[in-house]
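Data block below; observations after.
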Amino acid sequence: MSKSRTCKALAALGPLVTAALALGAVTLAHSGVVSGAVVDGDGKAVAGAIVTLADKRGVSESVYSDAVGGFRLATGLQGELDFWVRMRYYRDDTRKLALPAGATTSVKVTLAALTDARAISEDSPPLAHFSTIAFDPDEKALFSRPNFARDCVSCHALGEAVTRQTRPLAEWSQTVQRMHAYLGNGDPKAIQARSEMLAKAFDGSLVSSRPVVPVDPLLFTAKVRRWRLDTSLVPHDPAVHSVDNRIYTVDMMGGKVLETDLASGTTKEYAEPADGMPSGGVFTKMGMPAPYGMTVPRGPHSLAEGKDGKFYLTDLIGNSIGVFDPKTKTFEHHPIPMEAKALYPHTIRAAGDGKLWFTIAFSNQVGRFDPASKEMKIIALPDSPSLSIVGGPSPYGIDIHPADGSVWYAKLAADRIGRIDPKTLEIKEFDSPVRGPRRHRFDAHGKLWVAGFSEGAIARIDVRTWQSKVFRLPVFAPGQVPSPYALAVHPRTGEVWVNDTMLDLVWRFLPKEERFVAYPLPLKGTYTREFTFPKQGWACTTNNSLNRFIEGGMPELICIDTGRVLARN
């Protein structure tokens with residue numbers, strides 16, 4: 001479809017969508033309504049602008065302006081609110097707005113387009129700046145784009161406002177040396193070469209690529225809800241509890257579990273007790289520096305709800321499987337045996353028989369924990385060469401086949417996917433159809449969906465035949481390939497939600513149509529982790545990065561309500 005035909009189609013949809021939103025709004029008890037239009041300096045409609053209301057607690061709701069610039073935000077927020085409209089390559093409109101309970105108000109917003117080259121460059125996503133690095137054109141080379149992404153954007157974006165600051169080569173060398181140490185590689189030549197590449201790329205030069213995210217009509221019915229996690233340091237994976245429908249998030253750097261009540265907007269925190277573990281955990285015990293300079297005795301990284309309703313956590317610093325009981329708010333720990341020589345338990349999933357399976361990233365292993373017998377089984381995986389600077393294959397994602405209970409893991413640094421027979425523990429490994437397989441999930445039909453972090457693609461695999469189909473994420477400017485961190489399959493719709501780390505957005509993939517929908521998020525420096533799906537049908541994730549890399553310096557829980565009416569299971 002041509003650009004002009006697309007615009008006409010969007011324009012035709014706009015009034016219909018606005019009317020539908022108006023009808024839906026009356027069902028919200030005690031809601032206020034803020035409506036209006038977003039236009040540019042010439043009075044032309046701005047479609048896809050993010051219109052946000054936020055209260056003093058840090059609870060916010062956002063909608064997107066439609067094809068004719070209109071918006072209608074029905075909200076339970078009230079009182080003095082922050083009103084904020086943002087569209088990339090326009091200057092933000094921010095103001096205070098008084099909204100009594102049940103009140104209706106109208107606002108007209110005129111956004112001024114950015115014209116200064118530096119302002120446009122600063123408003124560009126991290127991916128635009130990252131893509132200025134002079135990557136090796138040989139994709140198998142150590143400093144190729146896929147390997148550079150695998151090495152350097154695994155924990156936070158590279159190219160956002162902080163990391164792209166101009167700094168001398170010596171300072172870059174110190175940073176890269178520290179980062180390479182985290183990855184288990186201290187090669188001085190590689191450190192020097194990477195430092196020079198970064199210093200040259202981030203020298204204060206402006207980017208002019210101007211990647212623009214297309215505005216999909218599905219945005220016009222969506223609402224983005226956010227809860228600021230004020231006391232969190234690095235909220236990692238979230239998971240909704242099957243009974244209380246609250247979202248529990250592990251705070252890796254803070255050593256605690258967060259409990260967010262979606263109805264009230266409140267978050268409580270529960271510190272994971274040391275249980276005899278010193279600051280820095282087992283790394284301190286072994287006389288090694290803890291990863292990322294962590295000082296907590298225990299650092300929960302991933303969580304999964306067991307059949308008993310408790311959450312099981314991978315404690316990467318304490319080298320144990322933690323258990324958090326949402327009813328009693330208490331913890332217990334089950335250490336990984338020292339003789340297993342295991343280090344850094346990573347991602348955890350629950351099997352249908354109640355057992356928990358988890359990857360162990362630093363020591364190329366997979367673990368199994370049985371809550372009933374308390375038995376811990378550690379399984380050594382086949383050796384696989386690392387394809388980048390990472391000092392090992394790095395077992396990362398893991399999931400359980402819904403029919404036969406087989407356990408499937410991914411090796412991020414080796415481009416391998418493996419299967420473990422849950423009864424015999426026999427292991428088979430396969431080449432991944434996408435580079436940098438990071439986290440994956442099965443759908444209800446037993447198809448395995450994999451996020452290719454280094455390739456900017458996701459893949460659907462029939463594990464019976466190992467036939468796959470690869471779906472490449474849209475590229476909005478030449479050479480600017482996204483980095484999908486993880487994905488999850490919506491249990492009711494079968495749609496695949498994909499976490500992006502470099503474009504300040506998340507992706508919704510519609511399998512029947514085989515197309516992606518991009519949902520831009522309000523904050524710059526957004527780096528989301530995993531998706532979980534509460535009973536409302538929303539797709540929820542965390543904005544996870546080191547605080548200083550997120551605009552405003554505050555992590556948050558994010559839920560996207562697509563506006564689609566979902567049937568109950």
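Annotations for the structure displayed:
- Separation of the alpha carbons by more than 24 angstrom is noted, of Lys327/Lys535; Lys223/Lys524; Lys256/Lys411; Lys310/Lys535, for Lys256/Lys411.
- Between Gln174 and Asp261, the modelled label-to-label distance comes to 4.6 nm, taking each label 7 Å out from Cα in the direction of the beta carbon.
- Cut-off of 10 Å, at most 10 other beta carbons, DSSP loop: longest stretch of the chain lacking such GluC sites (Glu not before Pro): 1-425
- Per residue value of the accessible surface for region 211-280 (all protein chains in place, 1.4 Å probe), Å²: 35
- Calculated on C-alpha atoms, the gyration radius of region 151-248 divided by its Kirkwood radius gives an Rg/Rh of 1.11.
- Within region 68-212: Cβ-based charge dipole about Cα centre, in debye rounded to nearest 20 (Lys, Arg +1; Asp, Glu -1): 280
- Ranked by how many other beta carbons lie within 10 Å on average, peptides 92-100, 150-158 from highest: 150-158, 92-100
- Positive-end residue, the chain charge dipole about Cα centroid, Cβ charges, pick of Thr295, Val390, Gly265: Gly265
- For a straight C-alpha distance cut-off of 14 angstrom, the aspartates and glutamates reachable from Lys56 (same-chain residues fewer than eight places away being disregarded) are Glu80, Asp82, Asp230.
- Here region 187-326 is treated with +1 on each Lys and Arg Cβ and -1 on each Asp and Glu Cβ, and its dipole about the Cα centre works out to around 400 debye.
- Using a Förster distance of 56 Å, the FRET efficiency for Thr231-Arg464 (Cβ separation, nearest 0.05): 0.75
- Of all beta bridges that DSSP places with both ends in region 44-175, some 95 percent have antiparallel geometry.
- Compared with the alpha-carbon gap, the fully stretched path from Asp92 to Thr115 is longer by 6.9 nm at 0.36 nm per residue.
The values are calculated or read from the model by the stated rules, or taken from the named source; none is laboratory data. Please read all numbers here as calculations on a predicted model, not as lab measurements. Using ideal geometry, Cβ is built from the backbone for each residue, glycine included, and neighbour counts are taken over all protein chains shown. For the accessible areas, the whole protein counts, side chains as well, though only heavy atoms, and no ligand, DNA or RNA atoms are used. Shrake-Rupley method; radii C 1.70, N 1.55, O 1.52, S 1.80 Å.
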